[in-house]
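J.: Quick one: the structure is below, questions incoming.
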Amino acid sequence: MVAESIPFKEQIPVVVCAADPLSRAGIVSQLRRVHGFTIVSLDEASDDAVALMVADAMSDDVAAELRVLRGRGVSRVVLLVARVDDRDLLAAVEAGASGVIRRSEATAGNMAAAIRSAAAGEGTLSPDLLGRLLRQVGQLQRQVLTPRGLTFSGLTERETAVLRLLAQGHDTAEVGRQLFYSERTVKNIIHDITSRLELRNRAHAVAYAIREGLI
């Protein structure tokens, strides 16, 4: 992990969340050695704040705290944990953590780099944690999604094919002819997509797919 590679241009408000005062005081003391940060309380936090959450491990309680932070407008969170296994790592990412740092690696420089990355909308994982996360993602794709014909976008291959042809300007009859589906089947596929993703109509579905880079 490279600690000092991300430049900063302004003061970043940081909310330090820790169960015990001693841990919080230690983290705050380290961060105050590095320029570019302002320690704020949750009540003072603006929507550009980054939360640094200290915990022993990822747990249901930590996930609940992450939801509380998002509800208070703090969506960028760096998780500082004593231990993390593969399951915890995936749970942390699913819960919205922007970065995960082991407490054994929590130097002032590493924490500062992770906070700056989160503030820039990026993520931070040490190389071994990134490799473990990618293995978990691959396993999820192979064992859960692929057998159901799904991808991480939440769309099946045939749904993606229908949206791609609609985006090219084809009507439902033309889409059916190209994919060898009946027009009713195409309409049912579009209805399934718009209902599941809570989209207004087929144009909205196409716009969504393009915006999310799905087609």
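Every number in this text was worked out from the coordinates using simple rules, so none of it is lab data. This structure is a prediction, so every number in the text was calculated from the model and none was measured. Note that we place each Cβ from the backbone using ideal geometry, even for glycine, and neighbour counts take in every protein chain shown.
J.: First select every other residue whose beta carbon is under 12 angstrom from the beta carbon of residue 31; then total the charges, Lys and Arg +1, Asp and Glu -1.
T.: Summing Lys/Arg as +1 and Asp/Glu as -1 gives +4.
J.: Mind listing the long-range amide H neighbours of residue 39? Cut-off is under 5 Å, sequence gap 5 or more, other chains count too, H placed in the peptide plane at 1.01 Å from N.
T.: 14
J.: A follow-up question, please. Report the charge-dipole magnitude of segment 29-76 in Debye, nearest 20, computed about the Cα centre from +1 at each Lys and Arg Cβ and -1 at each Asp and Glu Cβ.
T.: Roughly 220 debye, rounded to the nearest 20.
J.: Nearest 0.05, what FRET efficiency do residue 120 and residue 70 give at R0 = 22 Å with Cβ-Cβ as r?
T.: After rounding, the FRET efficiency stands at 0.75.
J.: If you plug each phi of segment 41-55 into the Karplus form 6.51 cos²θ - 1.76 cosθ + 1.60 with θ = phi - 60°, what whole-Hz ³J(HN,Hα) values come out, in order, with x for Gly and Pro?
T.: So the Karplus estimates, Gly and Pro as x, are 7, 4, 5, 8, 5, 9, 6, 9, 6, 10, 9, 10, 9, 9, 8 Hz.
J.: Step through the residues of segment 186-197 one at a time and calculate ³J(HN,Hα) from phi using the Karplus curve (6.51 cos²θ - 1.76 cosθ + 1.60, θ = phi - 60°), rounding each to whole Hz and writing x for Gly and Pro.
T.: Computed from phi, the couplings for segment 186-197 are 4, 5, 5, 5, 4, 4, 4, 5, 5, 5, 5, 9 Hz.
J.: At a Förster radius of 25 Å, what calculated FRET efficiency corresponds to the Cβ-Cβ distance of residue 177 and residue 198, to the nearest 0.05?
T.: That pair, residue 177 with residue 198, gives E of 0.30.
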